[in-house]
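Below is one structure, written out as structure tokens, with a few remarks after it.
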Amino acid sequence: MKAAQLHGRWAARFSHPPAGLPERATLTLERHAEFSESLAGTVSRTLSKADAALASGHAPLAALAGDLDEGLLLLDESSDRISITGTWNGEMVPGSCGRVYRGVWRDTSRSAAPDAPDVPFTLTRLR
């Protein structure tokens, strides 16, 4: 697989996300403006006012940047476009023809607990 094959929209589903973050999000991946073999994009989450207070280090729309390295999807997330507020590490599900990735998301925001567990995710390509 090449990074270009991941360009498009993806549905994310999290198992046991941290308080304030929803179980679902949408990722849009595209070619990175500066590094043609890399990925850029956004992750969009619906956050209520109460959720936003609990997940104060996260915005409803965050920037993504990363790579597909030897089959591993590695993305950094930034809610403020300055600091990394989350990391995504996943790999293609065998037999999915590149349409499903599974891995773990880690909360690295200022609101994350020091011992915050990795959060399992599944990404599924949207048409």
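Read-outs throughout are calculated quantities, based only on the coordinates presented, and are distinct from any laboratory measurement. What you see is a predicted model, and the numbers here were worked out from it, not measured in a lab. As a convention, Cβ positions derive from the backbone with ideal geometry for all residues, glycine included, and neighbour counts pool all protein chains shown.
From the phi of every residue in the range 61-73, what ³J(HN,Hα) in whole Hz does the Karplus formula 6.51 cos²θ - 1.76 cosθ + 1.60 yield, where θ is phi - 60° and glycine or proline is x?
Calculated HN-Hα couplings, in order: 10, 10, 7, 10, 8, x, 9, 10, 10, 6, x, 9, 8 Hz.
Taking K and R as +1 and D and E as -1, what net charge do the other residues with C-beta under 14 Å from the C-beta of residue 28 add up to?
Details: positive: 9, 31, 45, 125, 127; negative: 30, 77.
Spelling it out: positives minus negatives among the neighbours equals +3.
Which one is right for this structure if mean projected area of the Cα convex hull in nm² is calculated from it: (1) 6.6; (2) 7.5; (3) 8.7?
(2)
Working out 0.36 nm times the residue gap between residue 91 and residue 70, then minus their Cα-Cα distance, what length gain in nm do you get to one decimal?
On the way: separation 21, 0.36 × 21 = 7.56 nm, distance 0.95 nm.
Difference between extended and current length: 6.6 nm.
Out of 43, 93, 104, any idea which swings most in a Gaussian network model of the chain, alpha carbons joined below 10 Å?
Residue with maximal mean-square fluctuation among 43, 93, 104: 93.
At 222 nm, what helix-only mean residue ellipticity would the chain give, in deg cm²/dmol to the nearest 500, using -39500 (n - 2.57) for each DSSP H run of four or more?
Details: 1 runs with 6 residues, N = 127.
Mean residue ellipticity, 222 nm, calculated: -1000 deg cm²/dmol.
What is the distance in Å between the Cα centroid of the range 51-127 and that of the range 6-21?
Between the Cα centres of the range 51-127 and the range 6-21 lies a distance of 7 Å.
Tally Lys/Arg at +1 and Asp/Glu at -1 over every other residue whose Cβ is under 15 Å from the Cβ of residue 92; what's the total?
0
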